[in-house]
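Chemist: This is the structure I have questions about; it appears just below.
The values are calculated or read from the model by the stated rules, or taken from the named source; none is laboratory data. Not measured: the values here are computed from a predicted model. Virtual Cβ from ideal backbone geometry, glycine too; neighbours counted across all protein chains shown. The protein model used for the area step is the full one, side chains on, heavy atoms only, and it has no ligands, DNA or RNA in it. Shrake-Rupley method; radii C 1.70, N 1.55, O 1.52, S 1.80 Å.
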Amino acid sequence: MAQPLVKKDDDRDDEAEYSPFLGIEKGAVLQEARVFNDPQLDARRCSQVITKLLYLLNQGETFTKVEATEVFFAVTKLFQSRDIGLRRMVYLMIKELSPSADEVIIVTSSLMKDMNSKTDMYRANAIRVLCRITDGTLLTQIERYLKQAIVDKNPVVASAALVSGIHLLQTNPEIVKRWSNEVQEAVQSRAALVQFHALALLHQIRQNDRLAVSKLVTSLTRGTVRSPLAQCLLIRYTSQVIRESPVNAQTGDRPFYDFLEGCLRHKAEMVIFEAARAITELSGVTSRELTPAITVLQLFLSSSKPVLRFAAVRTLNKVAMTHPMAVTNCNIDMESLISDQNRSIATLAITTLLKTGNESSVDRLMKQITNFMSDIADEFKIVVVEAIRSLCLKFPLKYRSLMNFLSNILREEGGFEYKKAIVDSIVILIRDIPDAKEGGLLHLCEFIEDCEFTYLSTQILHFLGIEGPKTSDPSKYIRYIYNRVHLENATVRASAVSTLAKFGAMVDSLKPRIFVLLRRCLFDSDDEVRDRATLYINTLGGDGLVVETDKDTKDFLFGSLDVPLVNLETSLKNYEPSEEPFDINAVPREVKSQPLAEKKAPGKKPTGLGAAPSGPPSTVDAYERLLSSISEFANFGQLFKSSAPVELTEAETEYAVNVVKHIFNRHVVFQYNCTNTIPEQLLENVSVLVDASEAEEFSEVVSKVLRSLPYDSPGQTFVAFEKPEGVPAVGKFSNMLRFIVKEVDPTTGEADDDGVEDEYQLEDLEVVAADYMQKVGVSNFRNAWESMGPDCERVDEYGLGPRESLTEAVSAVSNLLGMQPCEGTEVVPSNSRSHTCLLSGVYIGNLKVLVRLQFGIDGSKEVAMKLAVRSEDETISDAIHEIVASG
Amino acid sequence: MILAVLFANLEGNILVERFNGVPAEERLHWRSFLVKLGAENLKGVKNEELLVACHKSVYIVYTVLGDVSIYVVGKDEYDELALAEVIFVITSSVKDVCGKPPTERLFLDKYGKICLCLDEIVWKGLLENVDKDRIRRLIRMKPPTDF
């Protein structure tokens, strides 16, 4: 709330001494509002009280229902006054109080009277108030007046009715749509604002009628539009019409392009920008079309008004994402914006330059950015760091200067999110640019010497443990890691111990020295650190001699925990201390099937730290271990691929079931993860009855029953099929869950002895071609493509029919093949009419496959595709074509 | 949609706060965000010089007028340019009502009139009137002169 001003120095104006609202208090103002009930109204006093009420409301003060009702009823008494100024305040107050439906009736007649008043201004205001507080039934009563008002000769009255219409369209569309004739007439009004409001309303009424919008645009682009605001609306609607109409096939001309181009010469800046933006956003815009728009935007880059500079650089930043070359002419102007006082503008300029810059300008740009970074807020810095990361991936040869830049800013002050963004970027660069690895790791080592964030220290230590031992001289990292054991908190110390152990396991020559260090950790003050040191000294084995570490130990150190933490936690809570030790193998391996809504939550961006981008190998490892522990599947050989879980039930049903498809060379195993969500039931002998009549090449060999499925404790049942060896057989399977259900007494938790057999229909499941393909990326597609050679290359062309967009076509084909998009080529620039997407994968039989997809889309949205496949075996290349041909 | 119009004094205390389509629980966040933005950037800025920022998909145009800072927040069609238009109307009307760039005291003295001006300029998130002379007449319930 505003603080009353205290007495200031004597030389200040007297008027500044006290606030008229000094000590204002709601209760007192509500008391004052009783003057509204006086038989002799004092208009001035009443206006003052209303002002106080408005002040309270504008400060975020709220009135209780009773208080609001009381004030509202009191305010309605003021309609008796003939004072014009007071009446205006009354209108505002009623709108602010937004009376409830049962209270509205008290003012309706007064407002209706005003709406028919001879005084125009009463009419206009009464319309605005009525429309604000009205409901559907009242609206039909006043509809006639509103229609008249729309074509009223007083522009204020007409605008009031039109703007009311825009609001009412949300709640009572069927009524407002009946006004389109009057609104159409108002569009021709000579009053600029009436035309603006009428145009907005008319478009909203007709927005789903393409022909009507097209007619509206055609007539207005030929006629006169009186206000810049209306002109902006017209440009927007024109863009919509352009999007929906084809380009002239003979001349290549786009309808209405001339209109947009003409608007670039309008006297209002607002209109120029709107037209420039509309042109840059045209689908498949050509450089000839783009040039005039870019030229005007470039002029605005040096405008004295920050808003115009911001608008220009924001638009160019967007253009740079899809047409970086078109923006390069503006680079010099944009470079001068790096020192712009407005940091939003400077950040946009830098990120644009990072997109449009070429390899030779990188160094110069980095110098400019270095000066800039010190005086912007963290949120802007993060944007810049992300842009630099993309730039480095684009120009890998420039990694040295970009990595240096990142390490320099890592040393400077900054909050957690900013530091995390930098660390993530360095990690991604280390992973994607092999040459950057050693330098990058050292930068991270230096960072943890003075890192205030435990989370980042532990993440870096973990990453060092994986990457450090693979470098040419792993010993140089040990000092940094061991320093942590002396200088940091227990969490970081424990991480450092694990990292040391990883070096010991991987680098045999370092093992004796690691042992010495680990032994010192046995005297740490923290339990966890001591426990880890003890554990690793025992597991590494060899008693500190230079011996090779056995595979099990490496698996233990580098493998991830294959038990979901939630399940482990539940099992540990249920474990009762006894003679029998806790058995980690008894912990259920499968995560409870999650409600669908949760899965749809937007995924986090890959952070860089942790798992590789091609998917977490830990899950595959976990599946492999789980399957190999089941004797029936022991002779199936090496697991080729496990699919992501496919939901077979709707969210929130009694039994939640999802299935994971495990592909072997000659077998397919369906792992059904079941969860019983009914506390009063225990399920036993749970199995899935699979009908494979639509999957001819598959024959069922094993069905493994789940003995017991208690409430909320996930379990698995399996069905295995045999299929022809190495053949990517496909088919459809229908599934029925079968079980014995027993009642459970919720108080004792005991189940009845007798159960009833029951079944539960599940969704169908399909095995598709993509199941036989592993998503495995390559870091440099071109190299991989060329080294594969053209011997087994197969090229063919396909028509994909009409598609929503190129993006949709690209994702449809990538999903059909189940391959990994490389080098970000799955992203189609918004206006492209052609696109190349690169895919890589490993096909069943462990054969590498590379695919180059070239797409083109024409005006009628027909998509054509050229598919080139290279693989190690021509039959595989043919098989890929077959998948596409039959998909 | 114009999401918010906010006036604050030099110390960052709110004088007028009007939100449209912003959930109640987000208002406090917006208020503190805007006041912080002003505190960081408005020092030494000339009267009516417009500053601009964006926060996610929302645009903010703000300025200072006398002892009062003014913030306008919008999204979609109310981008930085449209908001510049809105804030221009607001500053001209406030100057018109107060006769000069207002001190805080003067602003509060004319509080009722300023509320009426805002009511004429922004109606539930839509820009309604753009001409200060016309607004001056409308708040006194006089028809516009060009009519």
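Chemist: Sort out for me the strands (runs of 3 or more DSSP E) sitting completely within the range A:829-876 that have 2 or more residues that are closer than 19 Å to residue A:286 by Cα.
Modeler: Details: elements: A:834-843, A:847-857, A:862-871.
Per the criteria, A:834-843, A:847-857.
Chemist: Related question: Would you tally the residues in the range A:189-210 being within 11 Å of chain B (Cβ to nearest Cβ) and in a helix (DSSP H, G or I)? Please lay out each step first, then the result.
Modeler: If we filter the range A:189-210 for residues that are within 11 Å of chain B (Cβ to nearest Cβ), which is where we start, we get A:190-194, A:196-197, A:200-201.
Within this subset, residues satisfying the condition of being in a helix (DSSP H, G or I) are A:192-194, A:196-197, A:200-201.
Total meeting the criteria: 7.
Chemist: Could you list all residues from the range A:334-364 that are more than 14 Å from chain B (Cβ to nearest Cβ) and under 14 Å from residue A:308 (Cα atoms)?
Modeler: Step one: of the range A:334-364, the residues more than 14 Å from chain B (Cβ to nearest Cβ) are A:334-336, A:338-339, A:350, A:352-364.
Answer for the range A:334-364, where residues must be more than 14 Å from chain B (Cβ to nearest Cβ) and under 14 Å from residue A:308 (Cα atoms): just A:334.
Chemist: Given the condition modelled with pLDDT of 80 or more, surrounded by 14 or more Cβ atoms within 10 Å (Cβ to Cβ) and among the basic types (Lys, Arg), answer yes or no: does some residue in the range A:532-543 qualify?
Modeler: Restricting attention to the range A:532-543, the residues satisfying the condition of being modelled with pLDDT of 80 or more are A:532-540.
Still in the list and also surrounded by 14 or more Cβ atoms within 10 Å (Cβ to Cβ): A:532-537, A:539-540.
When the remaining residues are screened for being among the basic types (Lys, Arg), the result is A:532.
Yes, the range A:532-543 contains at least one residue that is modelled with pLDDT of 80 or more, surrounded by 14 or more Cβ atoms within 10 Å (Cβ to Cβ) and among the basic types (Lys, Arg).
Chemist: Name the single residue, out of those in the range B:1-32 being buried (at least 17 other Cβ atoms within 10 Å of the Cβ) and in a helix (DSSP H, G or I), that is farthest from the other protein chains (Cβ to nearest Cβ).
Modeler: Of everything passing the filter in the range B:1-32, B:30 is farthest from the other protein chains (Cβ to nearest Cβ).
Chemist: Still on this structure, I have one more. Have a look at B:78, B:71 and point out the one that is over 23 Å from residue A:59 (Cα atoms), surrounded by 22 or more Cβ atoms within 10 Å (Cβ to Cβ) and either in contact (Cβ under 8 Å) with a residue 60 or more places away in the chain or away from every other protein chain (no Cβ under 12 Å) (or both).
Modeler: Numbers: B:71 fails: over 23 Å from residue A:59 (Cα atoms).
Result of the check over B:78, B:71: B:78.
Chemist: Here's another thing I want to ask about it. Of the residues that make up the range A:212-222, is at least one among the β-branched types (Val, Ile, Thr), in a loop (DSSP other than H, G, I, E, B), farther than 25 Å from residue B:131 by Cα and under 34 Å from the mean Cα position of the chain (by Cα)? First the steps, then the outcome.
Modeler: Quick first cut of the range A:212-222, residues among the β-branched types (Val, Ile, Thr) only: A:213, A:217-218, A:221.
Subsequent filtering for residues that are in a loop (DSSP other than H, G, I, E, B) retains none.
No: zero hits.
Chemist: Only one of these is in contact with a strand residue (DSSP E or B) (Cβ under 7 Å, 6 or more places away or on another chain) and either of a type in the set (A, V, I, L, M, F, W, C) or part of a loop (DSSP other than H, G, I, E, B) (or both): A:684, A:725, A:697, A:757. Name it. If you could, list the steps in order and put the result at the bottom.
Modeler: Numbers: A:684 fails: either of a type in the set (A, V, I, L, M, F, W, C) or part of a loop (DSSP other than H, G, I, E, B) (or both); A:725 fails: in contact with a strand residue (DSSP E or B) (Cβ under 7 Å, 6 or more places away or on another chain); A:757 fails: either of a type in the set (A, V, I, L, M, F, W, C) or part of a loop (DSSP other than H, G, I, E, B) (or both).
The match here is A:697.
Chemist: So which of A:780, A:815 is within 20 Å of residue A:881 (Cα to Cα) and under 36 Å from the mean Cα position of the chain (by Cα)? Spell out the reasoning first.
Modeler: On the way: A:780 fails: within 20 Å of residue A:881 (Cα to Cα).
Residue meeting the stated conditions: A:815.
Chemist: Given the range A:275-337, what helices (runs of 4 or more DSSP H) lie entirely inside it while holding 2 or more residues that are among the hydroxyl-bearing types (Ser, Thr, Tyr)?
Modeler: On the way: elements: A:287-301, A:306-322, A:324-327, A:331-337.
Answer list for the range A:275-337: A:287-301, A:306-322.
Chemist: So is residue A:162 of a type in the set (A, V, I, L, M), within 14 Å of another protein chain (Cβ to nearest Cβ), in contact (Cβ under 8 Å) with a residue 12 or more places away in the chain and crowded, with 16+ Cβ neighbours inside 10 Å or not? Before the answer, list the steps.
Modeler: Working: of a type in the set (A, V, I, L, M): yes; within 14 Å of another protein chain (Cβ to nearest Cβ): yes; in contact (Cβ under 8 Å) with a residue 12 or more places away in the chain: yes; crowded, with 16+ Cβ neighbours inside 10 Å: yes.
The answer is yes for residue A:162.
Chemist: Criterion first (surrounded by fewer than 19 Cβ atoms within 10 Å (Cβ to Cβ), small (Gly, Ala, Ser) and within 23 Å of residue A:668 (Cα to Cα)) does residue A:755 satisfy it? Break it down into steps so the answer makes sense when it comes.
Modeler: Numbers: surrounded by fewer than 19 Cβ atoms within 10 Å (Cβ to Cβ): yes; small (Gly, Ala, Ser): yes; within 23 Å of residue A:668 (Cα to Cα): no.
Taking the combined requirement at face value, the residue does not satisfy it.
Chemist: Report, by residue number, each residue of the range A:351-370 that is outside any helix (DSSP H, G or I) and out of contact with any helix residue (DSSP H, G or I) (no Cβ under 6 Å at 6 or more places or on another chain). Can you show your working first?
Modeler: To start, the set of residues in the range A:351-370 that are outside any helix (DSSP H, G or I) comprises A:357-358.
Scanning the range A:351-370 gives a single hit, A:358.
Chemist: Does residue A:525 satisfy being loosely packed, with under 14 Cβ neighbours inside 10 Å, polar (S, T, N, Q) and farther than 25 Å from residue A:456 by Cβ? Quick ask: steps written out before the conclusion?
Modeler: On the way: loosely packed, with under 14 Cβ neighbours inside 10 Å: yes; polar (S, T, N, Q): yes; farther than 25 Å from residue A:456 by Cβ: no.
Criteria not met by residue A:525.
Chemist: Out of curiosity, is residue A:261 among the charged types (D, E, K, R), open to solvent by 30 Å² or more (accessible area, probe 1.4 Å) and within 14 Å of chain B (Cβ to nearest Cβ)?
Modeler: Working: among the charged types (D, E, K, R): yes; open to solvent by 30 Å² or more (accessible area, probe 1.4 Å): yes; within 14 Å of chain B (Cβ to nearest Cβ): no.
Spelling it out, it is not the case that residue A:261 is among the charged types (D, E, K, R), open to solvent by 30 Å² or more (accessible area, probe 1.4 Å) and within 14 Å of chain B (Cβ to nearest Cβ).
Chemist: Still on this structure, I have one more. Looking at A:300, A:310, A:273, can you tell me which residue is more than 10 Å from every other protein chain (Cβ to nearest Cβ) and under 23 Å from residue B:48 (Cα atoms)?
Modeler: A:300
Chemist: Considering only residues that are open to solvent by 10 Å² or more (accessible area, probe 1.4 Å) and under 20 Å from residue B:136 (Cβ atoms), look in the range A:64-88 and name the one that is farthest from the other protein chains (Cβ to nearest Cβ).
Modeler: Per the criteria, the residue is A:83.
Chemist: Here is a follow-up. When the range B:119-143 is examined, which residues are found to be within 9 Å of chain A (Cβ to nearest Cβ), part of a helix (DSSP H, G or I) and under 16 Å from residue B:6 (Cα atoms)?
Modeler: Listed by number, the list holds a single entry, B:119.
Chemist: Right, another one. Out of the residues in the range A:14-56 meeting the condition of being at pLDDT below 90 and at the interface with another protein chain (Cβ under 9 Å from one of its Cβ atoms), tell me which one is nearest to residue B:18 (Cα to Cα).
Modeler: Among those residues, the one meeting the criterion is A:21.
Chemist: Follow-up. I need every pair where a residue in the range A:705-719 that is without any contact (Cβ under 8 Å) to a residue 24 or more places away in the chain has its Cβ under 7 Å from the Cβ of a residue that is open to solvent by 10 Å² or more (accessible area, probe 1.4 Å), sequence separation at least 6 or different chains.
Modeler: A:705/A:685; A:705/A:687; A:707/A:684; A:707/A:685
Matching residues to (1) over 24 Å from residue A:393 (Cβ atoms); (2) in the same structural domain as residue A:780 (by TED's automatic domain parsing); (3) modelled with pLDDT under 90:
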residue	(1), (2), (3)
A:808	yes, yes, yes
A:819	no, yes, yes
A:833	yes, yes, yes
A:841	no, yes, yes
A:850	no, yes, no
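Chemist: Right, next: All but one of (1) touching a residue at least 24 places away in the same chain (Cβ under 8 Å); (2) surrounded by fewer than 17 Cβ atoms within 10 Å (Cβ to Cβ); (3) not hydrophobic (A, V, I, L, M, F, W, C) hold for residue A:772; which doesn't?
Modeler: Here residue A:772 clears every test but (2).
Chemist: From the set of residues in the range A:663-689 that are open to solvent by 20 Å² or more (accessible area, probe 1.4 Å) and without any contact (Cβ under 8 Å) to a residue 40 or more places away in the chain, which is farthest from residue A:734 (Cα to Cα)?
Modeler: A:678
Chemist: How about the range B:42-63: which of its residues are within 11 Å of chain A (Cβ to nearest Cβ), touching a residue at least 12 places away in the same chain (Cβ under 8 Å) and either of a type outside the set (D, E, K, R) or within 16 Å of residue B:11 (Cβ to Cβ) (or both)?
Modeler: Answer for the range B:42-63, where residues must be within 11 Å of chain A (Cβ to nearest Cβ), touching a residue at least 12 places away in the same chain (Cβ under 8 Å) and either of a type outside the set (D, E, K, R) or within 16 Å of residue B:11 (Cβ to Cβ) (or both): B:45, B:50, B:51, B:52, B:53, B:54, B:55, B:59, B:60, B:61, B:62, B:63.
Chemist: Just the residues that are away from every other protein chain (no Cβ under 14 Å) and touching a residue at least 24 places away in the same chain (Cβ under 8 Å), please, taken from the range A:121-140.
Modeler: Taking the range A:121-140 and keeping what is away from every other protein chain (no Cβ under 14 Å), we get A:135-140.
Answer for the range A:121-140, where residues must be away from every other protein chain (no Cβ under 14 Å) and touching a residue at least 24 places away in the same chain (Cβ under 8 Å): A:135, A:136, A:138, A:139, A:140.
Chemist: Okay, next question. If residue A:413 passes every condition in (1) of a type in the set (D, E, K, R); (2) surrounded by fewer than 17 Cβ atoms within 10 Å (Cβ to Cβ); (3) touching a helix residue (DSSP H, G or I) at 6+ places or on another chain (Cβ under 9 Å) but one, which one does it miss?
Modeler: Here residue A:413 clears every test but (3).
Chemist: What residue, among those in the range A:223-249 that are in a loop (DSSP other than H, G, I, E, B), of a type in the set (Val, Ile, Thr) and in contact (Cβ under 8 Å) with a residue 12 or more places away in the chain, is least open to solvent (accessible area, probe 1.4 Å)? Steps first, please.
Modeler: At the first step, the residues of the range A:223-249 found to be in a loop (DSSP other than H, G, I, E, B) are A:223-227, A:245-249.
Now narrow it down to the ones that are of a type in the set (Val, Ile, Thr): A:224-225, A:247.
Now narrow it down to the ones that are in contact (Cβ under 8 Å) with a residue 12 or more places away in the chain: A:225, A:247.
On the way: A:225: 34, A:247: 52 Å².
If we take residues in the range A:223-249 being in a loop (DSSP other than H, G, I, E, B), of a type in the set (Val, Ile, Thr) and in contact (Cβ under 8 Å) with a residue 12 or more places away in the chain, then A:225 is least open to solvent (accessible area, probe 1.4 Å).
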